[in-house]
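First comes the structure, then the notes that go with it.
The values are calculated or read from the model by the stated rules, or taken from the named source; none is laboratory data. Since the structure is predicted, the reported quantities are computational estimates derived from the model, not experimental observations. Because the Cβ atoms are built from the backbone with ideal geometry, glycine has one as well, and the counts that use them run over all protein chains shown. Just the protein is used for accessible areas: all its heavy atoms, side chains included, with ligands, DNA and RNA removed. Shrake-Rupley method; radii C 1.70, N 1.55, O 1.52, S 1.80 Å.
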Amino acid sequence: MKILLIFFTFYLISGAVRCFRVTGYSGGSLLVSSWKPWHIDNAKYMQKLQSTTIINNVKQDQWINEGKFTLFCNDFENLMIYIRKLITQDAGTYRIGVHGEWSIDMTLNVKEDSCCKVSKRVMVNIGETATFSCEYSQNHINDPKIIFKEVKDSIEMIYSIWNRKERFRISDDSHKNLFSIRITAVRPDDGGVYLCGAWINGHSYSYSIINTVHLHVMAKVGVSRVSGYSGGRMMIKCEHPQYKTKTKYICKESDGCSERKNPGVQDEWMENGDVSLYDDTRAGVLMVFFRELKAADAGTYRCGVNVSHYTERFTELQLKITDDAKYPKSVTESAHLGEEVNISCQIPEKHKVHFCKEDDNHICQNISTSTVTEMNGSSERNEERVFTVSISNVSVRDAGVYWCGAETRDTHLTFISLTTKIQLNLITKVGVSRVSGYSGGRMMIKCEHPQYKTKTKYICKESDGCSERKNPGVQDEWMENGDVSLYDDTRAGVLMVFFRELKAADAGTYRCGVNVSHYTESFTELQLHVTDGEEHEILYLSYLNGSSSET
């Protein structure tokens, strides 16, 4: 974006309205000095003649803003006119004045020009040197260069051939129509919007064609390194206790931090791509949860906070992703209602134990009520250790997915690397039934679950750990599965299991159950005895309804 800065000197003629013409460029902006007094106690106005009133009878101390139009008072107590992002429709004659004091007519011409329309964004760390360049037209090679900066309720000239500053330097490359600005030993207050261009002097006016540069000042407060495991989870807690309500973010250096991820709202978990984020305004902490680590997640990140619009503080995070087979990635545990379950995990010796449970949003946070018992190291060099979590009196709410891993505390960051997923299934045995059949015969078993009519039902054999669960696959239709046929009757809540020809190998203990929820099951234990006999054509029916019985 460019700004056409024009200073006009007007001679006061009593009773007359002074008129002048200015030229701006489409996409640029225009800054004009009226060289007339602001008059702090008088109201101001701005009107486009034969069109709309923009500012009317407004009294402010220093700054009046209405959309893209601004009137403000400069250091010399004169009224300035600032029009941003010009378009061709802005062309026309404007009347600007102070009620009871003076008025002027300004005719604006808006032209098309390919030069200097794109604003720039520059990022620099505190204490380093900021460098940025500004374009200018071939017509202004010999004109002096100038730099302005937007400040609160004003625009100030900060560097020119008449006003040099120690930390600012300008170098002009007339072959490229570029001049460069260097700001050494950058400070937090150097952040902001800079306007740079060439100063052009006319007979009764002066102006500058300007580029706009947004300078963001970064304060790196530390560097942290952390490792995670492919397929695992990771929680990163970025601490900013002195900026609790300020906007916090995480971004990746490899793309120039162009994509800054933040929750969008505070004090609520929100998903953003492959991470979930929570901005805790009570503690001043941004929590970043990687739901499933991938090799592509490795790299250097900034975990930062916007202290002000153009100043930020961040900790550099170097994340390494490894594919380490020494930690099991997934474990399934089963527990019976009311009993105790022990879950064992392995972590590096030097780290703090972390054990957590996933919620409905797959966020895993610490469980402070669990009892953690450490056991002896499991490696010869004692670099690893095993810990056991005991959950007593298991209830329905304990079923679900848990993660175990290691927690590392750094100066400004806490890392929780979750390595092993534990799925805890709650199993409720509602009864035991015993039934006998004859080798070569047939048998129908009806497993009744009237309170779970549409839930998925199954039958499995205990001898293989119930690893092979047989069910129809579809409901209300007979389906074959190996040597049995099955029918899931959703009207009655009954699973019918038909052994088409009993064999001695069919004998054993079965579970005839139903998946009540994703991690909870209810079943009746079936003890099937198969004997040799001559009654091969007899069909045996066994009804399992949860009570102890024998057929």
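In the stretch 43-69, what residues are open to solvent by less than 40 Å² (accessible area, probe 1.4 Å) and not in a strand (DSSP E or B)?
Passing the criteria: only 43.
What tally of residues in the stretch 298-318 results from selecting those that are open to solvent by less than 10 Å² (accessible area, probe 1.4 Å) and touching a Phe, Trp or Tyr at 6+ places or on another chain (Cβ under 8 Å)?
4
Would you be able to say whether some residue in the stretch 535-549 is surrounded by fewer than 19 Cβ atoms within 10 Å (Cβ to Cβ) and at pLDDT 90 or above?
No, the stretch 535-549 contains no residue that is surrounded by fewer than 19 Cβ atoms within 10 Å (Cβ to Cβ) and at pLDDT 90 or above.
Residue by residue, here is whether (1) assigned to a strand (DSSP E or B); (2) closer than 16 Å to residue 318 by Cβ holds:
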site: 231; (1), (2): no, no
site: 238; (1), (2): yes, yes
site: 263; (1), (2): no, no
site: 271; (1), (2): yes, no
site: 276; (1), (2): yes, no
site: 282; (1), (2): no, no
site: 292; (1), (2): no, no
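Residues checked against (1) surrounded by 19 or more Cβ atoms within 10 Å (Cβ to Cβ); (2) basic (Lys, Arg); (3) in a strand (DSSP E or B); (4) at pLDDT below 95:
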position	(1), (2), (3), (4)
475	no, no, no, yes
485	no, no, yes, no
492	no, no, no, yes
495	yes, no, yes, no
502	yes, no, no, yes
517	no, no, no, yes
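Please tell me if residue 467 is open to solvent by 50 Å² or more (accessible area, probe 1.4 Å), closer than 18 Å to residue 335 by Cα, free of Cβ contacts under 8 Å to residues at least 60 places away in the same chain and part of a loop (DSSP other than H, G, I, E, B).
yes
Among the candidates 304, 222, single out the residue that is assigned to a strand (DSSP E or B) and closer than 28 Å to residue 151 by Cα.
Values: 222 fails: closer than 28 Å to residue 151 by Cα.
The unique qualifying residue is 304.
Considering (1) within 45 Å of the chain's Cα centre (by Cα); (2) at pLDDT 90 or above; (3) farther than 16 Å from residue 109 by Cα, say which one residue 74 fails and leave the rest.
Looking at each condition in turn, residue 74 falls short on (2).
Return the pair list, or none, for Cβ contacts closer than 7 Å from residues in the stretch 475-490 that are within 19 Å of residue 452 (Cα to Cα) to residues that are open to solvent by less than 70 Å² (accessible area, probe 1.4 Å) and among the hydrophobic types (A, V, I, L, M, F, W, C), at least 6 apart or on different chains.
Close Cβ pairs (under 7 Å, with a partner that is open to solvent by less than 70 Å² (accessible area, probe 1.4 Å) and among the hydrophobic types (A, V, I, L, M, F, W, C)) amount to 486/479; 486/495; 486/496; 486/497; 487/496; 488/495; 489/496.
Among 154, 133, 160, which is the only one that is farther than 26 Å from residue 76 by Cα, among the small types (Gly, Ala, Ser) and either without any contact (Cβ under 8 Å) to a residue 24 or more places away in the chain or touching a strand residue (DSSP E or B) at 6+ places or on another chain (Cβ under 8 Å) (or both)?
133
Applying the selection to the stretch 331-353, what residues are among the small types (Gly, Ala, Ser) and within 16 Å of residue 395 (Cβ to Cβ)?
Of everything in the stretch 331-353, those that are among the small types (Gly, Ala, Ser) and within 16 Å of residue 395 (Cβ to Cβ) turn out to be 334, 335, 338.
Name every residue in the stretch 159-199 that is among the basic types (Lys, Arg), more than 30 Å from residue 313 (Cβ to Cβ) and either within 42 Å of the chain's Cα centre (by Cα) or in a strand (DSSP E or B) (or both), in order of residue number.
We begin by selecting, within the stretch 159-199, every residue among the basic types (Lys, Arg); these are 164-165, 167, 169, 176, 182, 187.
In the following step, the residues that additionally are more than 30 Å from residue 313 (Cβ to Cβ) were identified as 164, 176.
Selection gives 176 alone.
When residues of the stretch 168-187 are filtered for being open to solvent by 10 Å² or more (accessible area, probe 1.4 Å), touching a strand residue (DSSP E or B) at 6+ places or on another chain (Cβ under 6 Å) and under 22 Å from residue 219 (Cα atoms), how many remain?
Number of matching residues: 2.
Does residue 190 satisfy the condition of being open to solvent by less than 20 Å² (accessible area, probe 1.4 Å), at pLDDT 90 or above, out of contact with any Phe, Trp or Tyr (no Cβ under 7 Å at 6 or more places or on another chain) and under 30 Å from residue 56 (Cα atoms)?
So residue 190 fails the test.
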